[in-house]
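Okay, structure first, notes after.
The values are calculated or read from the model by the stated rules, or taken from the named source; none is laboratory data. Please read all numbers here as calculations on a predicted model, not as lab measurements. Here the Cβ positions follow ideal geometry from the backbone for every residue, glycine too, while neighbour counts run over all protein chains shown. We work out accessible area using only protein heavy atoms, side chains counted, and drop any ligands, DNA or RNA first. Shrake-Rupley method; radii C 1.70, N 1.55, O 1.52, S 1.80 Å.
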Amino acid sequence: MVDKQHKLFPVGMQANWCSEGALALAPQLKDWLLDPGSLTARLSNLSKSFRVQVLGQSVQHCTIEESNQDIPPGEPVLVREVLLLCNDVPQVFARSLLPLASLTGEQQQLATLGSQSLGQVLFNHANLKRKRIEVASFDSQSSVTQLAKELKLSIEHNLWGRRSVFIIDDKPLMVAEVFLPDSFAYQNIMVNA
Ligand SMILES: C=C(O[C@@H]1C=C(C(=O)O)C=C[C@H]1O)C(=O)O
């Protein structure tokens, strides 16, 4: 477990998630949002140094807003919030919900990842399925934008994120990621608000 937690933890990630078909997105941004592969691998390949900074993790009950077909409301989950940084630039804020019932067998290690990337473990596992990816935008009032301001990042447009449920060894967990203002996902494009 993480002994010290960032003063902002838990940041949370309230959003109106929708299927990507409902949105007209810039192709480059859409490519990042819908990439079925590992964000860790993609970001690592684009930078000299990649690291995960844990903001905190704690056991909570899954809220109605974050519940889904695989993780019902009230389910005890380990909430893990991290930043993914490339060359010390915060690229992504991620919030993962790991049901305690999924942290069994080989997946016990997911409770004590520390600064190891969750993706590194997930995408190296043979029995992994990723369910559909939903997307959402985060406006100036969102807690994620407040986090970006706390990180002294300049906010010039809404932020965009994605979430999906992974099934590993037939057990669910949910990962949600928001691309922070200086992310590669927004470089050289006009982002609609
Ligand atoms: C799922 C992945 O893992 C990344 C790393 C995370 C972590 O360490 O908590 C959380 C979400 C992802 O951004 C990935 O790399 O695609």
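This table checks each residue for (1) buried (at least 18 other Cβ atoms within 10 Å of the Cβ); (2) on the phi > 0 side of the Ramachandran plot.
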| site | (1), (2) |
| --- | --- |
| C86 | yes, no |
| G105 | no, yes |
| G119 | yes, no |
| H125 | no, no |
| A136 | yes, no |
| E156 | no, no |
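So how many residues does the stretch 48-66 have that are farther than 16 Å from L78 by Cα and either basic (K, R) or crowded, with 16+ Cβ neighbours inside 10 Å (or both)?
4
Restrict the check to the stretch 25-41 and report whether at least one residue is in contact with a Ser or Thr (Cβ under 8 Å, 6 or more places away or on another chain), under 22 Å from I155 (Cβ atoms) and buried (at least 16 other Cβ atoms within 10 Å of the Cβ).
The answer is yes, given that some residue of the stretch 25-41 is in contact with a Ser or Thr (Cβ under 8 Å, 6 or more places away or on another chain), under 22 Å from I155 (Cβ atoms) and buried (at least 16 other Cβ atoms within 10 Å of the Cβ).
Restricting to the stretch 149-164, name every residue that is out of contact with any Asp or Glu (no Cβ under 9 Å at 6 or more places or on another chain) and aliphatic (A, V, I, L, M).
Passing the criteria: L151, I155.
Can you tell me which condition M13 does not meet? The list is (1) closer than 28 Å to M190 by Cβ; (2) open to solvent by 20 Å² or more (accessible area, probe 1.4 Å), and all the others hold.
Result: M13 passes all but (2).
Kindly list the number of the only condition in (1) over 20 Å from T145 (Cα atoms); (2) away from the ligand (no atom under 11 Å from the Cβ) that fails for S38.
S38 satisfies all of (1) over 20 Å from T145 (Cα atoms); (2) away from the ligand (no atom under 11 Å from the Cβ) except (2).
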